[in-house]
Amino acid sequence: MLRHVDDGDLPVMRRWRNHPKVRAASFTTHEIGEDEHARWWAGVRTDPARQVLVYEHGGVASGVVTFSGLAPGAPIAHWGFYLDLDRLERSGELLAAWFGLERAAIRHAFGPLGLTTLRGEVLAANKPVRLLHSRFGFTEIGGYRRLLDGESVDVVLIEFTRAARRDES
């Protein structure tokens, strides 16, 4: 289930985002401080082009899904996510939560958001996430190189269309 973020979610969201594995898979790899996180939230919370949601797994807040590039009538947006890796790994629920989050994000994109196309970007070296997206019907549509921590890395562009949607559950 996805729900809107409330201010009480912010500390745990920052902790999840600062997990070393999450940072390593992100385009921003430094540890995010409280002030930086507060500035980000102040900008995002009132931006109609962006939506940040909490993913609940088994009734417990377990991850974050972001949508960007939203505009009235615009059929395409971008998304990203991260999970509470510490708790989900300890409980043995990581894979189930990962699948659940992906399903919930796709439902939200093609349901309430009314999108026809959902796009994202993944570090090419992040093979587990690329495989997960492929399992759900995302296709790799291109790529580019970018600087990340002073090194040039490959980024894969992914896309999923309403027409290609297989998972209606």
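No lab work stands behind these numbers, since they all come straight from the coordinates. Quick caveat: nothing in here was measured; it's all calculated off a predicted structure. Heads up, the Cβs are rebuilt from the backbone with ideal geometry, glycines too, and the neighbour counts pull from every protein chain shown.
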Could you list the trypsin sites (Lys or Arg not before Pro) in the stretch 93-169 that lie in coil according to DSSP, counting only those with at most 12 other Cβ atoms within 10 Å of their Cβ?
-> ARG166
Phi-based couplings in Hz for the stretch 86-99 (Karplus 6.51, -1.76, 1.60; Gly and Pro marked x) | 4, 5, 5, 5, 4, 7, x, 9, 4, 4, 4, 5, 4, 5
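What is the fewest-to-most order of MET1, MET13 by other Cβ atoms lying within 10 Å of their Cβ? Before the final figure, lay out the partial values.
Details: MET1 14, MET13 21.
So the residues, fewest neighbours to most, are MET1, MET13.
What ranking do HIS108, HIS19 get, fewest neighbouring Cβ atoms within 10 angstrom at the top? Can you show the working numbers first?
Working: HIS108 20, HIS19 17.
Least crowded to most crowded, the residues run HIS19, HIS108.
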Shape metrics for the stretch 51-142, restricted to C-alpha atoms - Rg then Dmax, Å | 13.4, 42
Using only the alpha carbons of the stretch 10-169, determine the length spanned along each of the three principal axes and report them from longest to shortest in whole angstroms.
-> 40, 40, 35
Principal axis dimensions, the stretch 1-58 - Cα atoms, whole angstrom, descending | 30, 26, 21
Whole number please: convex hull volume per residue, Cα atoms of the stretch 108-169, in Å³.
-> 93
